[in-house]
Every structure is written in C-alpha cells, then in structure tokens.
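FYI, it's all coordinate maths here, none of it is from the lab. Nothing here was measured: the structure is a model prediction, and the numbers come from that model. Cβ placement follows ideal geometry from the backbone for every residue including glycine, while neighbour counts extend to all protein chains displayed.
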C-alpha cells in the first residue's frame, strides 16, 4: 500500500481516537430519571472500583454523595460533546453535593449547585479529601458556599470549570477553588467569580495555576499563604475587592498575569508580604489603586512588567531588601514609586519611565541623567495622608517640578541610574 493510499486512514486517526475516548467503558453503569438506577448515589454505590458511571440529563435532588473508590463519574453530554444539557445535581441547600474520599476519581460535565451555607462545616459543590490523582473538569459549580474544595490532596487536576458564588457577603461565602495542605495540584482554565476569594491556597506546594479568570470576587482574586514553590502563569485577576495577596511564602513564580481594576483605600493589584526568592515577570498591572505593594519582600526579581494607569505603580516599604526591579515599563501612573523609607536596599535599574525627561545624547538607549522615581508629592502623601486631596493639583505639580530641577528631599538612593529611553515590553 503506497503512502498516498494510507493518507485517508491517517487523517481519520484523530477522529477515531476521539470516538474511542467518547465511548463509555465496557460495563459502565447508566443513571437517568427513567433507568433502573435513578439517583447518582445509587449509581456510585453500584459501581465497581475503577468503573464508570454515566449520568444522563436531568435534575437529581441529592447531596452528600460519597465517592470512596476509584471511579469515573461522567455526564452524558460531556461524554459525547453533543450539546445535550448538563445533568444537574442539586443539593437544595442541605449540604456538600459530592464528597471524594478516594484516589483516582474523575468528576466531569455536571452542574453542581446549592450546597447551602454552614458556619460549622465547610460546604462545597465538590469536596475532596485524602485523595490523589483526581480530575475535576468541565463542571459548572454554582450557588455553593465553597466551589471546589481540596484538602490533603496530591497530583489532582482542576480544569475548565465555571465556578460562581452568590456574592452575598464574606460571612456567608467561601472560596471558589480552595486548596489546603495540597501538593502537585494543577488549576487551569477555570472561570471563578462571586466568592470570598476566587482562588485560595494554604500550605499548598509545587502546584501550577495557569490561564484562569478570577474576576469580581468579594475579597481577593487569589489569596495564598504558607505555600512554597508554586507557579502562576497567564491568569487574569480583575475587579476583585482587594486584588491578589501573596503571603509568607518563598520560591514563587508569577509570570504573564494581568492584575487589573482593583480600586479602593486598601486595594492592590498584587500585595506581597514576607515573600522571598521569587520572580515576578511579564505581568500587567493596570487601573489599580496600587499596582504592586511590597512589604517584607526580599531577594526577588521584578522584570519585564508593565505598570500602567495605577495610582501608585509600586509601593516599596523600608523592610524590603535585596530585590531587583529592572526592565519594567512605568506609564501614566499618578506615582511611579512610593515608600516610607529614606534609604533603599534594592536594585532599581534599566526601567522605562514615562515621566523621564532626560536626554540620550550618545544614542545608547540609556538616559544621560538618572531618574528619581519617588517624587516629593509622594513623600508628602506617605507622611501626611490628608495631602491626598492635593493629587493632580497645581501645588503638587509645582512641588514636583521644583524637586525635579533641584532634588533635595526625594530619597537619593531610590534612583534608576540607567533609565531606558524606549519601552521594555510589548504590552499595550
């Protein structure tokens, strides 16, 4: 058989593979309103370890469904990708909808809703504990106290889910995707809103968070503490109450994320507190009261970020040291840098400053004069909060012009000795 004659067969291989993946496993059990197995709980109970339970479209008023053996629980519409409505498992406000208490469990394609609120236990659309190698994919998780809750879990995937909270207040809301004491978790391509914190990590390590949207949550789009060696790539954190908070952790990589639209007296695009040995690069900070706030941060690198249209682009407190702030763009911010310190123990070099007015007579792309990014007006605001009323006033403009010509009060150590004349990033 010649090469041309096998081309049609080769072209059919992906289609054959997809059909094979969509076929239920031999011996799969089927749950439907008119079947012998009419409840999801009955289907789970009847399945053998390692088996598959297929659930047809319909509304199943159930909660407290416990999966304590390896199992695939799959929605028929998800299985065949034929546009059928999702099966709905409705907790009716009576408790957690699904508990996973075994390794090797997959839950995919459902709408899981209405766990109700409890101040005694943490109710969720799906709750996973003492598990590993689980897959929670392509679900709509709505009107639950917590969306997806993972405790004491390893090597699980949470992907492609839409998680919607009620947005009724922090006291009655849990977190959208919640990790506690977890390792090796991948959280990707989820869309989370309306919860207390969109994504919450505590004592979670060696995990990857990528390509998620966390928008319109009551407190933080992302909140994590005591969680080392994690990666956050390509996420959107927008219009959350206080932005993103990263605390008491080390060896964090945050790259290619967008921190946008966090406005208010205590709102930040990104708050870093007691963070060390981390890399924050190629992110966009736009339209925040404070783009990035650094407290107790050390030995970390900020490179290739864009700070545009923030109140303060950066606020660097005096307890931050040995950080490198280089190759970033500062554009159209009210203040580029704010600080409560008179001395700087960090490296600031090679950034592009939209406010820089120096020349480059030798054409090497570096300004001939250094740039002092902490203006006198920012110092006054730091020391005398009431002067916020003078932002963008003629008085502040005159002060900053005088300081620019005859620098006397701005911290001399807060300087970029080699300001870049051109943009450092391609972000618009």
Inset, instruction - Please work out, to two decimal places, the log10 of the ratio I(q)/I(0) at q = 0.15 Å⁻¹ from a Debye calculation in which every Cα of segment 216-357 carries one identical scatterer. - result: -0.64
Legend entry - Shape metrics for segment 48-405, restricted to C-alpha atoms - Rg then Dmax, Å: 23.3, 79
Inset, instruction - Would you mind computing, in nm to one decimal, how far apart the modelled labels at residue 130 and residue 266 are, each placed 7 Å from Cα along Cα→Cβ? - result: 3.8 nm
Inset, instruction - Figure the gain on full extension for residue 301 and residue 248 (residue separation times 0.36 nm, minus the Cα-Cα span) and round it to one decimal in nm. - result: 17.4 nm
Legend entry - Chain lengthening between residue 203 and residue 103 when straightened (0.36 nm per residue, less Cα-Cα): 34.0 nm
Legend entry - Stretch gain in nm, segment residue 362-residue 231, where the contour uses 0.36 nm per residue and the Cα spacing is subtracted: 43.1 nm
Legend entry - segment 160-191-segment 56-125 distance, computed between alpha-carbon centres (Å): 15 Å
Legend entry - Computed Rg/Rh of segment 48-123, alpha carbon atoms with Kirkwood Rh: 1.00
Inset, instruction - Determine, for each peptide in 53-62, 173-182, the mean count of other beta carbons within 10 angstrom over its residues, then list the peptides with the highest first. - result: 173-182, 53-62
Legend entry - Relative compactness, segment 166-284, computed as alpha-carbon Rg over 2.2 N^0.38 Å: 0.94
Inset, instruction - Find the Cα radius of gyration of segment 177-235, compare it with 2.2 N^0.38 Å by division, and give the number to two decimals. - result: 1.01
